[in-house]
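The values are calculated or read from the model by the stated rules, or taken from the named source; none is laboratory data. Predicted model only: the values in this text are computed from it and were never measured. A quick note on method: Cβ atoms are made from the backbone with ideal geometry, for glycine too, and the neighbour counts reach across all protein chains shown.
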Amino acid sequence: MRRIFVRPPISPPAMQQSPGNEPVYVISVAARLAGLPSWVLRVLDQEGIVVPVRTDSNRRLYSDLDIAVLARVRHWTEERGVNIAGVKVILEIEQEAQRQKNGVASPPPTAMAAIASGPTRISLPAYVPASHESNLEILDEFTESNHKE
């Protein structure tokens, strides 16, 4: 007996009608097109950076626009050295600029709200090359003068 497999339909709320937004690529194809490993796409999905449409059987489907964003994420992380949190902030700033351009008011995004809430103390590694010690002194002076408690 011959079986015919039919892909499950995509749920209507998740499907968007504009060109380029039709989710058609499974994760392995999307990863190849974007030049990233599949596990990175899963991490980006978990972080909410690029969230693909899910089928009824829970498969991720990526659109051409998702692939374009993934390629930009790859550029930022590999060529510019931006971490995932930085990518998230960059995308939120771009989305906010687009909203303002379109005249749509929106609440501040999560990452931007965290930045606006104030400075966060970070700890530097114990070993700092001698060539960077003067930079650390300048940084310490700056943070002490601007963040006195």
Original post:
Restricting to region 83-105, what's the tally of residues that are touching a helix residue (DSSP H, G or I) at 6+ places or on another chain (Cβ under 8 Å) and within 12 Å of ILE49 (Cβ to Cβ)?
Top reply: 10
Original post:
Is region 7-17 home to any residue that is surrounded by 11 or more Cβ atoms within 10 Å (Cβ to Cβ) and at pLDDT 50 or above?
Top reply: no
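Does TYR127 qualify as being out of contact with any Ser or Thr (no Cβ under 6 Å at 6 or more places or on another chain) and modelled with pLDDT under 90? Walk me through it before giving the result.
Details: out of contact with any Ser or Thr (no Cβ under 6 Å at 6 or more places or on another chain): yes; modelled with pLDDT under 90: yes.
For TYR127, the condition - out of contact with any Ser or Thr (no Cβ under 6 Å at 6 or more places or on another chain) and modelled with pLDDT under 90 - is met.
Here is a check on your reading of the model: is ARG72 at pLDDT 95 or above and part of a helix (DSSP H, G or I)?
No; evaluated as a whole, the condition is false for this residue.
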Original post:
Does ARG80 satisfy the criteria of being charged (D, E, K, R), surrounded by fewer than 17 Cβ atoms within 10 Å (Cβ to Cβ) and at pLDDT 95 or above?
Top reply: no
Original post:
Looking only at region 22-48, which residues are among the hydrophobic types (A, V, I, L, M, F, W, C), outside any helix (DSSP H, G or I) and surrounded by 19 or more Cβ atoms within 10 Å (Cβ to Cβ)?
Top reply: LEU36
